[in-house]
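Participant: Please read through the structure below; I'll follow up with questions.
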Amino acid sequence: MTSERIALLRQKMAEQNLPALLVTQTLNRRYVSGFSGSAGILFITEDKALLLTDFRYVERAAEEAPDCEIMEVDGSLAPMLPDLMSEAGADKVGFESAYVPYAEYKAWRGKIGASALSPVLGLVEGLRSVKSQEEAALIRQAVRISDGAYGHLKEYLRPGMTEKQVAWELEVWMRTHGADDIAFDIIVASGPNGARPHALASDREIGEGEPITVDMGAAVRGYNSDLTRTFCLGHADDQFCKVFDITLRAQEAAERFIKPGVAGKDADAVARDIIKAAGHGEQFGHGLGHGVGMAVHESPGMGPKAVAALAPGNIVTVEPGIYIAGWGGVRIEDMVLVTESGVEVLTQAAKDRVIPVK
């Protein structure tokens, strides 16, 4: 896949009149080259794909990045930059301005001058946002693992368990059922903790009849899943059922609406309007969703300011939520693949209002 990605990147560079590009962001570098090490810089030109890395990673780079020429370096890129550009016949070089530290930029500027440095934004990320069949297959595998973990949770969970205990059980289950890693720190937020969208799992004991939000994901060969379910253990009161049903209705409406050409902000509005009409507009304070792939949060966006149109091959979350301070919250999250005509919902975990006490 990397030879195709390098070719696509060169097309994007030509469109922006860039004779050379430095790729320094870790996931972007891995996407373009295949190299998964923690240190390295890609130098891409019309006819060269050079991966510079240090002694620790030379053999690994040669194995993982067969479409790149590997160069061992010791120290900063700055002293080498003039010669690299001269050999490539490049009078300027693009760099990922969102990720380059100012000190590093100053070092480069000192060697080739500010006019030779051209900042770019989102060049590789735009390519990453459309998943190939191979990428989608890895994400499907990660989704199946997190779905399975939720199924295990329904059998495992008991009143009196702590949030941390449940989070650890989910992590162990995913790691022992095919995950290389967890995609992010698992959220288990019970009772009033659920009013915090990114609550940390705590020593709080989980009780019956209170909202419990679980947000988790698996990582498989560099690709991630993201799943959220909210439920009550044993029984649910009227308030929970009402908030749950509003959230689910908003999610289902957004999933029916999403298709190629729809802007992320318009998909967000479909769900947000339902939640606003139910009187909870101020309690839905985040976007509807986000892209998922090599990063858990990546392009395309799905929020009020997301103007980019969705395209076939995008994989995004659809996760409306309602958060009520002092009580808790409800968030329901699926991952969907944008198809030629709509979406395929990848997430298959049940949307239970109540999990019985075993």
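Participant: If a residue has to be crowded, with 18+ Cβ neighbours inside 10 Å and either acidic (D, E) or outside the structural domain of W327 (by TED's automatic domain parsing) (or both) to count, how many in the stretch 194-218 make the cut?
Facilitator: Matching residues across the stretch 194-218 total 2.
Participant: Restricting to the stretch 170-193, name every residue that is buried (at least 18 other Cβ atoms within 10 Å of the Cβ) and out of contact with any Asp or Glu (no Cβ under 8 Å at 6 or more places or on another chain).
Facilitator: Answer for the stretch 170-193, where residues must be buried (at least 18 other Cβ atoms within 10 Å of the Cβ) and out of contact with any Asp or Glu (no Cβ under 8 Å at 6 or more places or on another chain): L170, E171, W173, M174, A179.
Participant: Separate question: I want to confirm something. Restricting to the stretch 119-161 and keeping residues that are more than 20 Å from the chain's Cα centre (by Cα), in the same structural domain as E208 (by TED's automatic domain parsing) and among the hydrophobic types (A, V, I, L, M, F, W, C), which single residue is farthest from R5 (Cα to Cα)?
Facilitator: Of everything passing the filter in the stretch 119-161, M161 is farthest from R5 (Cα to Cα).
Participant: Further question: Taking F43, is it modelled with pLDDT of 95 or more, among the aromatic types (F, W, Y) and more than 17 Å from G122 (Cα to Cα)?
Facilitator: Considered against the rule, which asks whether it is modelled with pLDDT of 95 or more, among the aromatic types (F, W, Y) and more than 17 Å from G122 (Cα to Cα), F43 comes out as no.
Participant: Something else now. Of these, G110, G75, which one is on the phi > 0 side of the Ramachandran plot and either surrounded by fewer than 19 Cβ atoms within 10 Å (Cβ to Cβ) or part of a strand (DSSP E or B) (or both)?
Facilitator: Only one candidate passes the filter, namely G75.
Participant: In the stretch 234-266, how many are surrounded by fewer than 23 Cβ atoms within 10 Å (Cβ to Cβ) and not in a helix (DSSP H, G or I)?
Facilitator: The qualifying residues number 9.
Participant: Is it the case that the stretch 34-53 has a residue that's in contact with a strand residue (DSSP E or B) (Cβ under 9 Å, 6 or more places away or on another chain), assigned to a helix (DSSP H, G or I) and in the same structural domain as L84 (by TED's automatic domain parsing)?
Facilitator: No.
Participant: Could you please give the count of residues in the stretch 54-72 that are assigned to a loop (DSSP other than H, G, I, E, B), surrounded by 17 or more Cβ atoms within 10 Å (Cβ to Cβ) and over 27 Å from the mean Cα position of the chain (by Cα)?
Facilitator: Number satisfying all stated conditions: 0.
Participant: Still on this structure, I have one more. Filter the stretch 272-295 down to the residues that are in contact with a Gly (Cβ under 9 Å, 6 or more places away or on another chain), in contact (Cβ under 8 Å) with a residue 40 or more places away in the chain and under 26 Å from A325 (Cβ atoms) and list them by number.
Facilitator: Within the stretch 272-295, R272, I275, Q283, G285, H286, G289 meet the criteria.
Participant: In the stretch 114-155, what residues are more than 15 Å from N224 (Cα to Cα), buried (at least 16 other Cβ atoms within 10 Å of the Cβ) and among the small types (G, A, S)?
Facilitator: Selection gives A116, S118.
Participant: Taking the residues in the stretch 267-280 that are among the aliphatic types (A, V, I, L, M) and in a helix (DSSP H, G or I) as candidates, determine which candidate is nearest to the chain's Cα centre (by Cα).
Facilitator: Per the criteria, the residue is A267.
Participant: Ok, one more. Please work out which residue is surrounded by the most Cβ atoms within 10 Å (Cβ to Cβ), limiting yourself to the stretch 321-339 and to residues that are within 27 Å of L27 (Cβ to Cβ) and out of contact with any Asp or Glu (no Cβ under 8 Å at 6 or more places or on another chain). Let's see the steps before the verdict.
Facilitator: Going residue by residue through the stretch 321-339, those that are within 27 Å of L27 (Cβ to Cβ) are 321, 331, 333-339.
Filter once more, keeping what is out of contact with any Asp or Glu (no Cβ under 8 Å at 6 or more places or on another chain): 321, 338-339.
On the way: G321: 27, V338: 23, T339: 14.
Per the criteria, the residue is G321.
Participant: Restricting attention to the stretch 304-315, and to residues there that are buried (at least 16 other Cβ atoms within 10 Å of the Cβ) and in contact with a helix residue (DSSP H, G or I) (Cβ under 8 Å, 6 or more places away or on another chain), which single residue is farthest from R128 (Cα to Cα)?
Facilitator: Ranking the qualifying residues of the stretch 304-315, first place goes to A306.
Participant: Continuing with the same structure: Being over 24 Å from the mean Cα position of the chain (by Cα) and either surrounded by 17 or more Cβ atoms within 10 Å (Cβ to Cβ) or assigned by TED's automatic domain parsing to the domain that holds G293 (or both) is the filter here, so list the residues in the stretch 9-20 that pass it. Give the steps one after another, and end with the answer.
Facilitator: Of all residues in the stretch 9-20, those over 24 Å from the mean Cα position of the chain (by Cα) come to 10-11, 13-20.
Residues satisfying the conditions are R10, M13, L18, P19, A20.
Participant: Related question: Go through the stretch 88-107 and give me each residue that's more than 21 Å from R29 (Cβ to Cβ) and in a helix (DSSP H, G or I).
Facilitator: K106
Participant: Within the stretch 26-45, restricting attention to residues that are within 19 Å of L84 (Cβ to Cβ) and touching a residue at least 40 places away in the same chain (Cβ under 8 Å), which residue is surrounded by the fewest Cβ atoms within 10 Å (Cβ to Cβ)?
Facilitator: Restricting to residues being within 19 Å of L84 (Cβ to Cβ) and touching a residue at least 40 places away in the same chain (Cβ under 8 Å), the top hit is T45.
The values are calculated or read from the model by the stated rules, or taken from the named source; none is laboratory data. Just so it is clear, the structure is predicted and the values come from calculations on it, not from any experiment. Note that we place each Cβ from the backbone using ideal geometry, even for glycine, and neighbour counts take in every protein chain shown.
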